[in-house]
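Here is the structure we will look at.
The values are calculated or read from the model by the stated rules, or taken from the named source; none is laboratory data. The model shown is predicted, which means the values in this text are computed figures rather than measured ones. When we count neighbours, we look across all protein chains shown, and the Cβ atoms used for this are built from the backbone with ideal geometry, even at glycine. Calculation scope for accessible area: heavy atoms of the full protein, side chains included, ligands and nucleic acids excluded. Shrake-Rupley method; radii C 1.70, N 1.55, O 1.52, S 1.80 Å.
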Amino acid sequence: DIIGSETATYGQHVLEGPGLCLHRVPTGGRTFEYFSEDPYLTGVMGIAVTKAIQAHGIIAMAKHFILNDTEVERFRTSVEIDEHVLRELYLLPFEMVVKDGGVIAIMSAYNRVRGTYATENRHLLTDILRVEWGFTGYVQSDLWSTRSAAPAIHAGLDLEMPDGKWLNEANLTAALHDTSLEIEALDRALV
């Protein structure tokens, strides 16, 4: 409750948290902002924090979607993982916060999952997050983690942070003209 009230006191509208990745690597640079190595406990705590933040009219942003477990080579790492393990361990806290916590925003991660950057991973951002779980909020990139315009929008990314290196008028207009970006995908990102 204090997190939400303090965020509102400072006039902020979005809080980039809760962090829902698991404590898997002891040298992980973001481990201090995550809850646990247990996916269910992380999900329960994430739901409580999300509801407390959003009770103050602040948007909670669950992060880092997904497998943001190491700082070493975080911009290039590709996590190779079985679908069952991905869902049972790493996706579970996010699924809980989406379905039971009503989180409004998701922040994607820097890394790749099975060779595809998290910001361009349609299987994660659209097939699972939006279609399977029914997420209706928005997906923001972590700072400077976006790698493309059309592939990111098609995958389900809505907002590039902190700047518009990729998701800008020139790139999106060019992608619409060369048909690598469909207007329906851009419309979905803008809703």
Notebook entry, point to check: In this structure, does A175 turn out to be assigned to a helix (DSSP H, G or I), more than 23 Å from G43 (Cα to Cα) and touching a residue at least 12 places away in the same chain (Cβ under 8 Å)?
Noted result: yes
Check: How many of the residues making up region 15-32 are open to solvent by 50 Å² or more (accessible area, probe 1.4 Å) and touching a residue at least 60 places away in the same chain (Cβ under 8 Å)?
Finding: 1
Note to self: Can you find a residue that is in contact with a strand residue (DSSP E or B) (Cβ under 9 Å, 6 or more places away or on another chain), open to solvent by 30 Å² or more (accessible area, probe 1.4 Å), at pLDDT 90 or above and part of a loop (DSSP other than H, G, I, E, B) anywhere in region 33-47?
What the structure shows: yes
Next item on the list: For H23, work out the one condition from (1) touching a helix residue (DSSP H, G or I) at 6+ places or on another chain (Cβ under 7 Å); (2) of a type outside the set (G, A, S); (3) modelled with pLDDT of 95 or more it doesn't fulfil.
Entry: (3)
Margin query: Show the residue pairs meeting these rules: Cβ distance below 6 Å; 6+ apart or different chains; first residue within region 87-106 and closer than 15 Å to E16 by Cβ; second residue open to solvent by 20 Å² or more (accessible area, probe 1.4 Å) and assigned to a strand (DSSP E or B).
Written below: I104/I59; A105/I59; A105/Y138
Check: Only one residue in T146, T126, T136 is among the polar types (S, T, N, Q) and in a helix (DSSP H, G or I), so which one is that?
Finding: T126
Notebook entry, point to check: touching a residue at least 12 places away in the same chain (Cβ under 8 Å), open to solvent by 30 Å² or more (accessible area, probe 1.4 Å) and either under 16 Å from the mean Cα position of the chain (by Cα) or closer than 23 Å to S141 by Cβ (or both): does that describe G57?
Noted result: no
Next item on the list: Could you pull out the residue among T179, T173, T136 that is at positive phi and open to solvent by 20 Å² or more (accessible area, probe 1.4 Å)?
Entry: T179
Check: If D163 passes every condition in (1) out of contact with any strand residue (DSSP E or B) (no Cβ under 9 Å at 6 or more places or on another chain); (2) surrounded by 18 or more Cβ atoms within 10 Å (Cβ to Cβ) but one, which one does it miss?
Finding: (2)
Note to self: Given the criterion modelled with pLDDT of 95 or more, closer than 16 Å to I128 by Cα and part of a loop (DSSP other than H, G, I, E, B), identify the matching residue among V97, V103.
What the structure shows: V103
Next item on the list: Return only the number of the condition from (1) of a type outside the set (K, R); (2) within 16 Å of the chain's Cα centre (by Cα); (3) open to solvent by less than 60 Å² (accessible area, probe 1.4 Å); (4) more than 19 Å from S145 (Cβ to Cβ) that I106 does not satisfy.
Entry: (4)
Next item on the list: Test each condition in (1) outside any helix (DSSP H, G or I); (2) open to solvent by 20 Å² or more (accessible area, probe 1.4 Å); (3) closer than 22 Å to T77 by Cα; (4) not acidic (D, E) for P151 and report the one that comes out false.
Entry: (1)
Next item on the list: Could you tell me whether any residue of region 70-85 is part of a strand (DSSP E or B), touching a strand residue (DSSP E or B) at 6+ places or on another chain (Cβ under 7 Å) and either open to solvent by 60 Å² or more (accessible area, probe 1.4 Å) or without any contact (Cβ under 8 Å) to a residue 12 or more places away in the chain (or both)?
Entry: no
